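Step one of this worksheet: look at the structure below.
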Amino acid sequence: MKTKQVLLTAILLVVSAAYSQQPDGPKPMPERVRVSSGVMDGLLVHRVEPVYPAEAQKNQISGNVVLWAIVGNDGDVINLKTISGHPLLAEAATEAVKQWKYRPYTISGEPIEVETQVLVKFGQPLDIARPTRIRVSSGVAEGMLIRRVQPEYPLSARANHLQGDVILGATISKHGNIQNLRVISGAPVFAEASMDAVKQWKYRPYLLAGEPVEVETQILIKFHM
């Protein structure tokens, strides 16, 4: 009888040990995870730059704004709070970042909500008036030329086998048209023909910080047989 009890106890111990060694079931997926700003930068697919507030520019306010953000499992920004930064800049940063779009962050192939931080930088605004006219080299202006009219070789110059170069000074308007054309150097017989042709030229507008400006340049016209 005693031997049977010992045997039964041993069997129970073996079964208990085997059961305790069974692997745990799959862990539940977390509802949200914290991800570094660097990782989220790599997932960003659509970024809207903040508009620098006029009042902040006027008062020379600059600096960084740090936002706490929740990005949904579809990649949309669904919650934003300011951690640090000037209130004027923080409002502009929030308006921009809430329009950002990310690729969904996934765990085991499943998209999941993310908690992260977003840094938005506002550099010192320049208190410098944008020039309305600048000087560019003839080579730069040449690259902007979209319509060229060749000058006619003056008959008197051709008959007398005359050759030479003409240098013109020109203002190119914001719309790419020739204005204020004048002769800097060259024989009069060639200068007139050069002026008649060049005043019909057309350029692409020259852009400075995205805005068209007038351009001062020189134009070389060659008359060679």
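The residue pairs whose first member lies in the range 68-81 and is of a type in the set (D, E, K, R), whose second member is surrounded by fewer than 17 Cβ atoms within 10 Å (Cβ to Cβ), and whose beta carbons are closer than 6 Å, counting only pairs six or more residues apart or on different chains, are Lys81/Trp68. Over 30 Å from Val33 (Cα atoms) and surrounded by 12 or more Cβ atoms within 10 Å (Cβ to Cβ): is that true of Val120 in this structure? Here the answer is no, as Val120 does not meet what is asked.
If you take the residues of the range 198-225 that are of a type in the set (A, V, I, L, M, F, W, C) and more than 15 Å from Ile146 (Cβ to Cβ), which of them is nearest to the chain's Cα centre (by Cα)? Here the residue is Ala209.
A short reminder: the numbers here are calculations on the coordinates, not readings from a lab. On a predicted model such as this, the values are computed, not experimentally measured, just so you know. Here the Cβ is made from the backbone with ideal geometry for all residues, glycine too, and neighbour counts use every protein chain on show.
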